[in-house]
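Just so you know, all these numbers are worked out from the coordinates, no wet-lab data involved. Please read all numbers here as calculations on a predicted model, not as lab measurements. Heads up, the Cβs are rebuilt from the backbone with ideal geometry, glycines too, and the neighbour counts pull from every protein chain shown.
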Amino acid sequence: MAAKQGWLGAAMALAVVALLGGWAAALLARSTQPPPPLPPYDIPSASRDEPLPDPLDVPLAKRQTLVFNNGAEPETLDPALMTGVPEMTLALALFEGLTSLHPKTLVPVPGIAERWDLSADGRTYVFHLRPSRWSDGSPLTAHDFVYAWRRTLEPATNAKYAYQLYCIAGARAFNTGTLTDPAKLGLRALDDHTLEVRLDHPLAYFLELTAFATFAPVQRQCLQAHGKQWTRPGKLVGNGPFALAEWRQQDVIVLKKNPHFWDAARVRLAEIRALAIDDAETSLKKYRNDEVHWIRSVPTAKVAAAAGLQGFRYSPSLATYFYRFNVTKPPLDDPRVRKALNMAVDKAAIARYLLRGGQRPARSFVPPLLAGYTPPQGPPHSPDTARRLLAEAGFPEGRGFPTLQLLYNTSESHKLIAEAIQHMWHTVLGIRVELLNQEWKVYMDSLSHLDYDIARSSWVGDYADPNTFLDMFVTGGGNNRTGWSDPRYDALIARAAREVDPPRRFALLQQAERLLVADAMPILPIHFTVNVYLVHPRVLGVYNNARNVHPFRYIAIAAPETQ
């Protein structure tokens, strides 16, 4: 009776072994265990008009120091240059844009701008800035935003996220070098506390963008005084609720409460300690020993162990785990090869038997979580079709196919998935793939310089719109990192950006996504991720949301007797 009631009975286990081959031995050990108890796959409902929370309604601990595992050493603390989740997480503490995000709903709320006006045609915003100061006590003005946004768009800055500002009049031309006069950009400080922004076209989610790190202000005097070293402790001047106090490489970043922050009275934490622990077992051990309050992301292999701990959290994520193909390298320049590699991967088996954390297999790139948008589907798992396509490309049964490298950054979960797909490609297609592991900074550099064959990637939506997933693959996009270019795709993304009718706009984006995941396939979507994390029950102000974004200004630690 007990065997029949197990999550995977003996007969099913043998079927998995037969289906998946050698790597099924590892799966068998995992699949015969009961699955971790997971809540429903639902996004918490919240009203867009929900008021901002206040943690002051319960007694707070005397020592307000939050220790959390950020998972990796940040590549940079320069908001113009950051692209990864570890960096963006710290940006929430160090900087604040014109708007910020509600911690529950992620709806944009007033930040440095206390209010704004929008013209009747939807193309001109006038932001009215509240009195605020930098962390060194000097005044912050509208001119600081103009300087920061121009700097991000300067070609010499080489900001991968510069395209996020292309909605601003003249921004694309300035970033690509065809416009050289920054005064012709749609940015103007009308006075110290009034910023005018002229858009190239109406943009429904612009206020979400202005909360994003790329749109954060930076202090001109700080950059001019310290150059590339401006983000180091003792030099970085920010405008967020916390200031950089210490940075020990591969160890910890210490942030202290910024007394000059305009909303300092709301901020309860006195100190934040961000650890750079990429080993899951070490991270869990520290959590069990109360040395860490919060693990932002629990690796797949540790979900079952974490599910039994106090503070376990789970929710759908607006994020996709995928592989990039470097299409500038033969034979990956052939769409038939890319399609064969895609169709040889059993994504359902990976999600159900290997990951076992509630992930969903992905045949689209945009997760199916955005109201009104139905993502088009890429090809299904079909080993026979995969073998036929590879043969048509000149590699029957894998003969003559070069050995490729699959790059991933340090993580037990990434390694498990890479080993599974490596085996699938060898079993189904007869090709050899070597695995290459790199630390976060080196890995990001390899992606940026197209110094890879196939690379693990993931993308978390920057705002609640399919465009956040699709516009990065336009020709030359800073986050494209595949070498892929298609003028049809570029045109569809450009048309969608100017389309004001939501259904017609989504239809254009669906056409673009179909090119991406069903025709050209410079990427291989694998699964839609979930937010699985641990947060100590006494940590207040961390709410489930689809993007796993948790502004530190709302977080506090309750007194022991309130847990």
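Say R0 is 45 Å: what FRET efficiency, to the nearest 0.05, do Glu561 and Arg495 get from their beta-carbon distance?
Values: r = 59 Å, r/R0 = 1.31.
The calculated FRET efficiency here is 0.15.
Once every Cα of region 199-294 carries one equal point scatterer and solvent is ignored, give the base-10 log of I(q)/I(0) from the Debye formula at q = 0.11, 0.20, 0.24 Å⁻¹, two decimals.
So the normalised log intensities work out to -0.50, -1.11, -1.22.
Once you have the Cα-Cα distance between Arg198 and Asp121, take 0.36 nm times their residue separation minus that, and quote the gain in nm to one decimal.
Answer, rounded to one decimal: 26.6 nm.
To the nearest 20 Debye, how big is the dipole of the chain about its Cα centre, given +1 on the beta carbon of each Lys and Arg and -1 on that of each Asp and Glu?
Numbers: 60 positive and 54 negative charges, 146 e Å.
For the chain, the charge dipole is close to 700 debye.
Multiply the residue gap between Leu436 and Asp519 by 0.36 nm, knock off their C-alpha separation, and tell me the result in nm, one decimal place.
27.1 nm
Can you pull the Rg over Rh of region 110-192, Cα-only, Kirkwood?
0.99
Of the listed pairs Lys160/Lys256; Lys228/Lys286; Lys228/Lys339; Lys257/Lys441, which have alpha-carbon separations greater than 32 Å here?
Result: Lys228/Lys286; Lys228/Lys339 exceed 32 Å.
Would you kindly state how much longer the chain becomes between Glu50 and Asp384 on full extension, computed as 0.36 nm times their sequence separation minus their alpha carbon distance, in nm to one decimal?
Working: separation 334, 0.36 × 334 = 120.24 nm, distance 5.21 nm.
115.0 nm is the gain from fully extending Glu50 to Asp384.
Please compute the modelled spin-label separation between Asp191 and Arg504, points set 7 Å along Cα→Cβ, answer in nm with one decimal.
Roughly 4.1 nm, to one decimal.
Kindly provide the helix-only [θ] at 222 nm of the chain, computed as the sum of -39,500 (n - 2.57) over DSSP H runs of four or more divided by all residues, to the nearest 500 deg cm²/dmol?
When only DSSP H runs of four or more count, the value is -7500 deg cm²/dmol.
Radius of gyration and Dmax for region 258-350's Cα atoms, expressed in Å?
Rg and Dmax of region 258-350, Cα atoms, are 20.8, 59 Å.
For region 331-385, list log₁₀ I(q)/I(0) at each q in 0.16, 0.26 Å⁻¹, using the Debye formula over Cα point scatterers of equal strength and ignoring solvent, two decimals each.
The computed values of log10 I(q)/I(0) come out as -0.60, -1.05.
For region 316-530, what is the convex hull volume of the alpha-carbon atoms per residue, in Å³?
Spelled out: Cα convex hull of region 316-530, divided by residues, is 110 Å³.
Using the Cα centre of region 360-506 as the reference point, and only Cβ charges (+1 on K/R, -1 on D/E), how large is the resulting charge dipole? Debye, rounded to the nearest 20.
Using only the charged Cβ atoms, the result is roughly 340 debye.
Hey, can you grab everything whose amide H is under 5 Å from the amide H of Leu435? Only 5+ residues off in sequence or another chain; H modelled, so Pro and N-termini drop out.
Placed amide hydrogens put Leu406 under 5 Å from Leu435.
Under a plain spin-label model, where a point goes 7 Å from the Cα along Cα-to-Cβ, how far apart in nm are Ala225 and Asp263?
Going from the Ala225 label point to the Asp263 one covers 2.7 nm.
Jot down the radius of gyration and Dmax of the chain, Cα atoms only, both in angstrom.
Spelled out, the Cα radius of gyration and Dmax of the chain are 24.0, 77 Å.
Quick one: check the C-alpha center-to-center distance for region 501-554 versus region 89-128, whole angstrom.
Each part reduced to its Cα centre gives a spacing of 20 Å.
Considering only DSSP beta bridges whose two residues both sit in the chain, what percent are antiparallel, to the nearest 5?
80
Testing the spin-label approximation: label points 7 Å from Cα along Cα→Cβ at Ser138 and Thr76. State their distance in nm.
So the two model labels end up 2.1 nm from each other.
Report the net charge of residues surrounding Asn548, where surrounding means a beta-carbon distance below 14 angstrom and charges are Lys +1, Arg +1, Asp -1, Glu -1.
Working: positive: Lys104, Arg296, Arg313, Arg547; negative: Asp462.
The answer is +3.
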